[in-house]
Amino acid sequence: MTTNKNTEINIALTATDPDGDNLTYYIVTQPSHGTLSGTPPNLTYTPTSGYTGQDSFTFKANDGIGDSNIATVSITVVATITYPESWVSVGPEGGSIYAIVIDPNNSNVIYAGTSAGVFKSTNGRSTWSAINSGITYLYIKALAIDHNNSNILYAGTNVAGVFKSTNGGTNWSASNSGLPTPLQVRALAIDPYNTNVIYSGGIITGGVYKSTNGGASWYAINSGLTNIFVHTIIINPINSNIIYAGTEGGFFKSTNGGGTWTWSAIVPGLPGIEAMAIAIDRNNTNVLYVGTWRGVFKSIDGGTTWGEINSGLTNLHINALIIDSYDSNTIYAGTYGGGVFRSVDGGITWSAINSGLTNLNINFNAMAIDPNNSSIVYAGAGGGVFKTQGSFNDVPVGYWAYNYIMGIYNAQITQGCSANPLQYCPGNPVTREQMAAFIVRAVFGEPPTNYCGGVDPFTDVPAGSWSCKYIKKLLELNITQGCGGGNYCPTDNVTREQMAAFLVRAKEGDPPLDYCDTGSPFEDVPHSSIFCKYVKKLLELNITQGCGAGMYCPSDDVLRDQMAAFLARAFLGMP
């Protein structure tokens, strides 16, 4: 099993007894790089802060008569992958953006609710079309999409209530029976387990209304809701009886959706002010975030208690929040006047990610993440929809080395081969000077700019060259002695056998001279080769499996995409 760095994972131990007896579980050896909590068989593994790599623990079961064999649970802790923070405008033209939803079955289909109506893109944000047939008032404040049938959409307007489409937005019809007037709808939410159940929230004559028949009729469920100016509604994705509402007067929770409705204000640690946005961790639904105009607050106990988490937030007017479903520690916040902020540590710290946003003095009202690729994030604002440039433009999401390349980018082991546009050049061979940069950044970090101090470390590496600092550090780390004759041969391509020597020396030092005396692991690597010991060690470290059919291809050039995989496995703990 695999978890991200600094991210706990739930583990259920299992065993079988031939007689069907009840089993008691015992931990035999604890993990070396993390801790276990809970009561066997239900455990939570928490990796040591900052650790990446392999870990394991062992357990046994007892049926009241005897112990089972000892079993091992292996865990891989991988580096959290984050992505370049550059935004581009992708339209649509014509108004401020208040809502964004993405088709869960086809992430090229995106809907935007704007002050000029509903817009739809079917080609991955390249073009947009207005889809407003039947909508009598075009100021759209909320959108919701049916995850079981993504042709069904609901739109909440600022004056004319709720509209429903059953054909992907081609046509709409009013769905307002039972709703109050004026019909100012600010929030919509669909029950994930019964999509005929929908909740709407409004202002002035608002509160929360519920439909159990796909919007055909609505009824109020406001008992205990002391503020009926509703900004947002969210449903617990595991238990849809639990509903949260953010209002002008604070944050409310219901635990009996559909029964005798009661709402309770959640107060401890949370000020009774505008709750503009709510996000719930799908992987641990006790973890909640609320965005207010005093910043972000977090609860880890389902909303019972709260703490302020604003370190790094230079703007506390929070309008939108969203959590990366692949990495619960990554959260995005849209603000009024400060652009977009991101946390990669569960809200402990935040940083602005506004590269490409030319105007921050606007409302960022909506956030969405591509369900198939969490590197693609959307922000809706007064200037339209903005999208992150989520990857190198020459490394598509489906590319075999995508995660490896993004992993070493995030770890600052590579900066790519071009900054504008951001490219990685995955099919290019790795040169010896590039190898020096890769290895030194992975092992040591970035040397100072003047590290060479006017001294040439090799005859063919002038002190003023871009790679001098890396090559000098590589020499100091005893990872290279050059290519002979006082030279380093910086522009020569690196072969796969040479790469093995670089990586093994950097990671573990030199293996013994007789390391291959018992034989070579690959048919095309003779045990007498000076590189055999490095190739063999690389295999034992699970950094390579060769090039196929029992071969290693030692004389082939190493390509940059292959190098990303080798580096990520060697230094980031990626499988």
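Summary of values
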{"quantity": "Förster radius 45 Å - calculated FRET efficiency between residue 487 and residue 14, Cβ distance, rounded to 0.05", "calculated": "0.15"}
{"quantity": "Segment 404-572: Cα Rg divided by the 2.2 N^0.38 Å rule of thumb", "calculated": "1.02"}
{"quantity": "Net length gained if the chain between residue 349 and residue 540 were fully extended (0.36 nm per residue, minus Cα distance)", "calculated": "64.9 nm"}
{"quantity": "Distance between modelled label sites at residue 194 and residue 167, nm, 7 Å Cα→Cβ extension", "calculated": "3.0 nm"}
{"quantity": "Most positive-pole-ward Cα, 49, 199, 562, against dipole of the chain from beta carbon charges", "calculated": "199"}
{"quantity": "Distance between modelled label sites at residue 74 and residue 33, nm, 7 Å Cα→Cβ extension", "calculated": "1.3 nm"}
{"quantity": "Helix-derived mean residue ellipticity, 222 nm - over the chain, DSSP H n ≥ 4, -39500 (n - 2.57), to 500", "calculated": "-3500 deg cm²/dmol"}
{"quantity": "Relative packing of peptides 103-116, 514-527 - highest average C-beta neighbours within 10 Å first", "calculated": "103-116, 514-527"}
{"quantity": "Segment residue 256-residue 127, length gained on full extension (0.36 nm per residue, minus Cα span)", "calculated": "42.2 nm"}
{"quantity": "Estimated FRET transfer efficiency (residue 63, residue 459; beta-carbon r; R0 60 Å; 0.05)", "calculated": "0.25"}
{"quantity": "Gain in span if fully extended, residue 547 to residue 149, counting 0.36 nm per residue against the direct Cα distance", "calculated": "138.8 nm"}
{"quantity": "Spacing of the two label points (7 Å from each Cα toward its C-beta) at residue 48 and residue 529, in nm", "calculated": "3.5 nm"}
{"quantity": "Computed over the chain: relative contact order in percent, which uses C-alpha pairs under 8 Å that are six or more apart", "calculated": "9 percent"}
{"quantity": "Cα gyration tensor shape for segment 2-78, rounded if a/c is under 1.5, else prolate or oblate", "calculated": "prolate"}
{"quantity": "Where N is the number of residues in segment 103-189, Cα Rg divided by 2.2 N^0.38 Å", "calculated": "1.02"}
{"quantity": "Segment 274-428: projected area of the alpha-carbon convex hull, averaged over directions, in nm²", "calculated": "9.6 nm²"}
{"quantity": "Rounded Å value of the spacing that divides the Cα centres of segment 334-397 and segment 135-198", "calculated": "26 Å"}
{"quantity": "Around residue 287: net Lys/Arg minus Asp/Glu count, Cβ-Cβ under 12 Å", "calculated": "-1"}
{"quantity": "Förster radius 22 Å - calculated FRET efficiency between residue 115 and residue 136 (Cβ-Cβ, nearest 0.05)", "calculated": "0.90"}
{"quantity": "Most to least packed among 440-450, 356-366 [average Cβ atoms within 10 Å]", "calculated": "356-366, 440-450"}
{"quantity": "Segments 292-303, 21-32 sorted - mean Cβ within 10 Å per residue, highest first", "calculated": "292-303, 21-32"}
{"quantity": "5 angstrom amide H check on residue 293, placed H, neighbours 5+ away", "calculated": "274, 276, 318"}
{"quantity": "Net charge, residue 51 excluded, C-beta distance under 15 Å - Lys, Arg +1, Asp, Glu -1", "calculated": "-2"}
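Each reported figure results from applying straightforward, stated rules to the coordinates on display, with no laboratory input. As the structure is a computational prediction, the values presented were derived from the model and not from experiment. Glycine gets a Cβ as well: all are built from the backbone with ideal geometry, and neighbour counts include every protein chain shown.
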